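A.B. asks: Attaching a single structure in structure tokens format; questions to follow.
The values are calculated or read from the model by the stated rules, or taken from the named source; none is laboratory data. Just so it is clear, the structure is predicted and the values come from calculations on it, not from any experiment. Glycine gets a Cβ as well: all are built from the backbone with ideal geometry, and neighbour counts include every protein chain shown. Areas reflect the complete protein model, heavy atoms only, side chains present, ligands, DNA and RNA absent. Shrake-Rupley method; radii C 1.70, N 1.55, O 1.52, S 1.80 Å.
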Amino acid sequence: MDKIEQNDGTNRDELIMQQQREIEKEISDSTPLVSEQLPITCLNAEYLGDEVFTSKIQDLAGKYKFLRRTRPDGNCFFRAFAYAYLEHLISNKDEYLRFKDLAEKSKDKLVQLGFPSFTLEDFHDTFMEVVKRVDPASGSTDQVCDELHKVFNEQGYSDYVVVYLRLLTSGKLQEEADFYQHFIEGNFTIEEFRHQEVEPMYKESDHIHIIALCTALGVGVRVEYMDRGDTHVKAHDFPEGSTPKVFLIYRPGHYDILYPN
Amino acid sequence: MLKIFKSKKDKLPKSEIITCEPQVTKEPRTKCGKPLVLDNTRWERRLHKELMSLIKEPPPGVTVDTDSIGQNLSEWKINIAGFEGTLYEGENFQLLFKFNNKYPFDSPEVTFIGNNIPVHPHVYSNGHICLSILTEDWSPALSVQSVCLSIASMLSSCREKKRPPDNTLYVKTCNKNPKKTKWWYHDDSV
């Protein structure tokens with residue numbers, strides 16, 4: 001290869017990587033891992049003068065009272081899901097107990113599926129610690145909600161929760177590989193997909209991640225899709241026909257939490 | 001409305017190796033501006049656990065050079081032997097692992113060191129390794145042991161001993177730290 005051309009390439013790529021780092025830094029400086037509750041209309045500021053989105057925000061505001069933003073770092077689905085579901089459990093004691101039991105037993109299941117127990121253990125322990133810290137019996141609803149918010153904004157805990165949910169998702173994909181293989185195109189195996197698109201941090205989630213996680217935990221999720229098409233937001237429930245406990249809004253590339261009226 | 005996942009296998013099978021300036025690392029901070037200590041004890045505890053497991057039950061051909069390990073566990077040397085029946089039978093190699101306090105969220109920095117760097121299409125003569133789990137496919141659930149196994153398997157499946165095609169240029173221009181290289185991953189068949 002010609003030397004000058006190579007040098008040009010070097011500079012261009014350095015600039016791209018530099019810019020990528022600046023964007024990441026700006027995001028982590030300006031957005032908490034999980035925000036406070038915000039009015040739905042706070043979205044308007046991002047779409048000024050855009051008729052399609054403005055009308056969709058209005059539509060959304062008719063059904064939901066608040067929105068809670070998550071940091072757009074590729075982990076947003078997992079973080080939003082975990083926060084919203086644990087928050088739901090704070091006022092649903094029986095379901096909390098069901099989930100705690102399921103979460104407790106999930107480690108052995110993953111080990112049986114072949115996940116190395118000694119790396120898994122740390123993530124499971126921290127996950128259980130978080131689950132126990134938001135036990136509805138540990139205080140008033142407000143106190144427990146505050147605790148949840150605090151713990152999810154501590155990276156050391158929040159990211160461990162994300163990792164554990166990624167592993168549960170990966171485990172489900174492996175357990176029902178024959179089924180999930182249909183959603184993957186080409187020569188990409190479930191194995192490769194799990195290792196490249198599910199287990200690493202910061203990799204974005206698709207329908208297949210959502211279905212696998214919801215099925216693994218027995219939790220219904222409603223996602224409101226807000227994009228350029230149509231005039232109304234479109235809701236989709238995972239798994240289909242379930243009663244949603246977690247409500248999320250999806251805008252291309254990102255998930256935030258919603259609170260129904 | 002299920003979306004089909006697109007295969008990424010049509011990525012170019014080339015190694016356009018481009019180095020970048022050392023990254024200015026800033027300690028992470030909490031919302032109120034206090035430096036966030038990313039649980040120092042936790043990363044050390046995890047490394048300690050991994051070390052004990054590697055010493056007690058090492059995978060075949062892998063031995064930890066325990067003398068090389070410093071007080072805070074941030075650098076390890078690991079010996080790895082070429083398997084019988086492969087092109088590297090009878091050869092011994094040494095890997096250097098470096099960890100920072102964001103491990104296992106940050107991948108370890110792994111290079112071959114010493115005077116025998118394996119001649120392999122994914123290993124540069126300066127010891128840098130082109131292996132996706134060391135950068136973009138790293139997961140916190142992986143470990144030193146799984147990295148060693150991947151490297152051993154990469155060596156074992158090699159059919160022709162040769163350097164990467166862009167070895168000379170890369171070695172001349174790269175950053176010392178292979179994680180500062182924007183790698184294009186070669187196909188996995190070798």
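A.B. asks: Whole number in Å², please: accessible area per residue of segment A:73-218, 1.4 Å probe, ligands, DNA and RNA not counted.
C.D. replies: Numbers: 5420 Å² over 146 residues.
With the other protein chains kept in place, segment A:73-218 gives 37 Å² per residue.
A.B. asks: Can you tell me how much longer the chain between A:R21 and A:D135 gets when fully stretched, taken as 0.36 nm per residue apart minus their C-alpha distance, in nm with one decimal?
C.D. replies: On the way: separation 114, 0.36 × 114 = 41.04 nm, distance 3.80 nm.
Answer, rounded to one decimal: 37.2 nm.
A.B. asks: Here's another thing I want to ask about it. Using a Gaussian network model of chain A with C-alpha springs under 10 Å, which one of A:V163, A:V151, A:V246 is most mobile by mean-square fluctuation?
C.D. replies: Among A:V163, A:V151, A:V246, the largest GNM mean-square fluctuation belongs to A:V151.
A.B. asks: Given the options A:S138, A:S91, A:S106, which has the most mean-square fluctuation in a GNM of chain A, springs set between C-alpha atoms less than 10 angstrom apart?
C.D. replies: Checking each option, the largest mean-square fluctuation is seen for A:S138.
A.B. asks: Tell me the volume per residue, in Å³, of the convex hull enclosing the alpha carbons of segment A:73-218. List each step's numbers first, then the result.
C.D. replies: On the way: hull volume 14.4 nm³, N = 146.
In segment A:73-218, the Cα convex hull volume per residue is 99 Å³.
A.B. asks: Quick one: the Cα spread of the protein assembly as shown along its three principal axes, in angstroms, biggest first?
C.D. replies: Sorted largest first, the three principal extents are 69, 52, 48 Å.
A.B. asks: Which stretch or stretches of segment A:197-225 have amide N atoms under 16 Å from the point lying 7 Å from A:F66's Cα along the Cα→Cβ direction?
C.D. replies: Residues passing the 16 Å test: none.
A.B. asks: On the protein heavy atoms, probe 1.4 angstrom, tell me the percent of accessible surface of segment B:39-182 carried by carbon and sulfur.
C.D. replies: Details: 3220 of 6560 Å².
The value for segment B:39-182 is 49 percent carbon and sulfur by accessible area.
A.B. asks: Between chains B and A, what is the buried accessible area summed over both chains (1.4 Å probe, protein heavy atoms, nearest 100 Å²)? Walk me through the numbers on the way to the answer.
C.D. replies: On the way: alone 12080 and 13840 Å², together 21970 Å².
The B and A chains share an interface burying roughly 3900 Å².
A.B. asks: Summing -39500 (n - 2.57) over the DSSP H runs of n ≥ 4 in chain A and dividing by its residue number, what mean residue ellipticity at 222 nm do you reach, to the nearest 500 deg cm²/dmol?
C.D. replies: On the way: 10 runs with 145 residues, N = 261.
Per the formula, -18000 deg cm²/dmol.
A.B. asks: I would also like to ask the following. Under a point spin-label approximation (7 Å from Cα along Cα-to-Cβ), what is the A:S117-A:H207 distance to one decimal in nm?
C.D. replies: Label at A:S117, label at A:H207, 3.8 nm between them.
A.B. asks: Under 5 Å between amide H atoms, partner at least 5 residues away or on a different chain: which partners does A:Y64 have, H built in plane at 1.01 Å?
C.D. replies: Distant-sequence amide H within range of A:Y64: A:N261.
A.B. asks: I would also like to ask the following. Place a point 7 Å from the Cα of B:T63 along the Cα-to-Cβ direction; which residues of segment B:91-123 have their backbone N under 18 Å from it?
C.D. replies: In segment B:91-123, the label zone of B:T63 (backbone N under 18 Å from the point 7 Å along Cα→Cβ) covers B:91-97, B:113-116.
A.B. asks: For a 20 Å ceiling on Cα separation, which of these pairs sit above it: B:K77/B:K179; B:K49/B:K180; A:K203/B:K102; A:K107/A:K172; A:K25/B:K172; B:K98/B:K176? It would help to have the intermediate numbers written out before the result.
C.D. replies: Working: B:K77/B:K179 18 Å; B:K49/B:K180 28 Å; A:K203/B:K102 18 Å; A:K107/A:K172 12 Å; A:K25/B:K172 31 Å; B:K98/B:K176 13 Å.
Correct reply: B:K49/B:K180; A:K25/B:K172.
A.B. asks: Right, another one. Sort out for me the Cα centre separation of segment B:141-167 from segment A:75-142, rounded to whole Å.
C.D. replies: When both Cα centres are located, 36 Å separates them.
A.B. asks: Placing unit charges on C-beta atoms (Lys and Arg positive, Asp and Glu negative, everything else neutral), compute the dipole magnitude of chain A about its Cα centre in debye, rounded to 20.
C.D. replies: Details: 29 positive and 47 negative charges, 167 e Å.
Result for chain A is approximately 800 debye, rounded to the nearest 20.
A.B. asks: Right, something else. Efficiency by 1/(1 + (r/R0)^6): what FRET value for B:S146 and A:H182, r their Cβ-Cβ distance, R0 = 30 Å, to the nearest 0.05?
C.D. replies: On the way: r = 28 Å, r/R0 = 0.94.
Calculated transfer efficiency: 0.60.
A.B. asks: Pop out a list of residues from segment A:203-226 that are at least 50 Å² less accessible with all the protein chains around than in their chain alone; 1.4 Å probe, no ligands or nucleic acids counted.
C.D. replies: In segment A:203-226, residues shielded by partner chains: A:D206, A:H207.
A.B. asks: Still on this structure: Take the solvent-accessible surface of the protein heavy atoms, probe 1.4 Å, and return the percent of it on segment A:13-132 that carbon and sulfur atoms account for. Write down the numbers at each step before the final one.
C.D. replies: Numbers: 3020 of 5790 Å².
Carbon and sulfur together cover 52 percent of it.
A.B. asks: Taking R0 as 35 Å, what's the FRET efficiency between B:V171 and A:D125 from their Cβ-Cβ distance, rounded to 0.05? Don't skip to the end; give the middle numbers.
C.D. replies: Numbers: r = 43 Å, r/R0 = 1.23.
In this case the efficiency is close to 0.25.
A.B. asks: Under the classification rounded if a/c is under 1.5, otherwise prolate if a/b is larger than b/c and oblate if not, where does segment B:39-182 fall, given a ≥ b ≥ c as square roots of the Cα gyration tensor eigenvalues? Let's see the in-between values first.
C.D. replies: On the way: a/c = 1.90, a/b = 1.31, b/c = 1.45.
Since a/c reaches 1.5 but b/c is at least a/b, the shape of segment B:39-182 is classed as oblate.
A.B. asks: Label-point separation (nm) for A:N261 and A:N44, each offset 7 Å from Cα along Cα-to-Cβ?
C.D. replies: 1.7 nm
A.B. asks: With a 10 Å cut-off between alpha carbons and a GNM built on chain A, which of A:K65, A:K25, A:K56 moves the most?
C.D. replies: Fluctuation is largest for A:K25.
A.B. asks: Distance in nm between label sites at A:K105 and B:S157, each 7 Å beyond Cα in the beta-carbon direction?
C.D. replies: 3.7 nm
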